[in-house]
Amino acid sequence: MYLIGVILVGLSAFFSISLSRNFIKGLGCRLSDRVLDVISIIFLCAGLSITTINHLYDQREKNKLKEQVSALRDYAEVARWDFRGDRSLGGGAKVPSPIAGWAEAYIVEHGDDRVVWKCNPHALECYRRMTIKHPRYPFAYYFLAKCLRELREDAWRDYAEEGICILEKTTKIPGHDPGHDDALRELRALLEK
């Protein structure tokens, strides 16, 4: 596409040179200098437009790649951590991560894949501390947002939005824990209500 733009700019230059004009007129074309000027301007504008559009598209793609590399660099590890802090290895296998058991006194998983979390002052403090200690870990924001919403505190929205921001990055990373997808859906649904 860039090459097309350069060719059109070249054609514009070709039509604006008097030697070329004499050649075109010599072919039997009855084009006035004014018409050749218009043709030259059209080619110039088209060439510059195509080149500019191509450059902007390339810049946008470059920025997307930078964002993806940044997300991989900054969120690859936490993308594999589940809500308990265990690291997913794929295929259901898990091993402890550096934060394993971070809230085991406040978050309980029942056998039917149902998770129950506590919203008492100690649990809230635990969730808040985790957002400070590991600000890229989305489940601390998730549980804090859900608890504050249950307690009807307005701050829940801020924590939900921050959790969504993180989860939108972690869910794009291959091999992320499936719980990230569930948490993202739940937080979005809460904000829509």
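A 26 angstrom limit on the alpha carbon distance is what I want to check against. Which of LYS62/LYS146; LYS94/LYS133; LYS62/LYS172; LYS146/LYS172 exceed it? Don't skip to the end; give the middle numbers.
Details: LYS62/LYS146 37 Å; LYS94/LYS133 22 Å; LYS62/LYS172 17 Å; LYS146/LYS172 23 Å.
Those over the limit are LYS62/LYS146.
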Alpha-carbon gyration tensor eigenvalues x 5, square-rooted, for the chain, Å: 62, 17, 12
Where the centre of each part is set by its Cα atoms, how far does region 101-166 sit from region 28-55, in angstrom? 62 Å
Virtual spin-label span in nm between CYS45 and ASP113, 7 Å along Cα→Cβ: 6.0 nm
Between the alpha carbon centres of region 167-187 and region 58-86 the gap in Å comes to 11 Å
Between GLU61 and ALA93, with labels modelled 7 Å along Cα→Cβ, what's the label distance in nm to one decimal, could you check? 3.8 nm
Simple Cβ-charge dipole of the chain, Lys/Arg +1 and Asp/Glu -1, about Cα centre, in debye nearest 20: 740 debye
Could you tell me the relative contact order of the chain? Use alpha-carbon pairs under 8 Å, at least six residues apart, and round to a whole percent. 17 percent
Using modelled amide H (1.01 Å from N, peptide plane; none on Pro or chain starts), what sits under 5 Å from the amide H of LYS94, excluding residues fewer than 5 places away? LEU89
So what J values fall out for region 76-85 if you push phi through Karplus, 6.51 cos²θ - 1.76 cosθ + 1.60 with θ = phi - 60°, rounded to Hz, Gly and Pro as x? 4, 6, 5, 5, 9, 8, 8, 5, 7, x
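Laboratory data are not the source of any read-out in this text; all were calculated from the coordinates shown. Everything numeric in this text was worked out from a predicted model, so none of it was measured. A quick note on method: Cβ atoms are made from the backbone with ideal geometry, for glycine too, and the neighbour counts reach across all protein chains shown.
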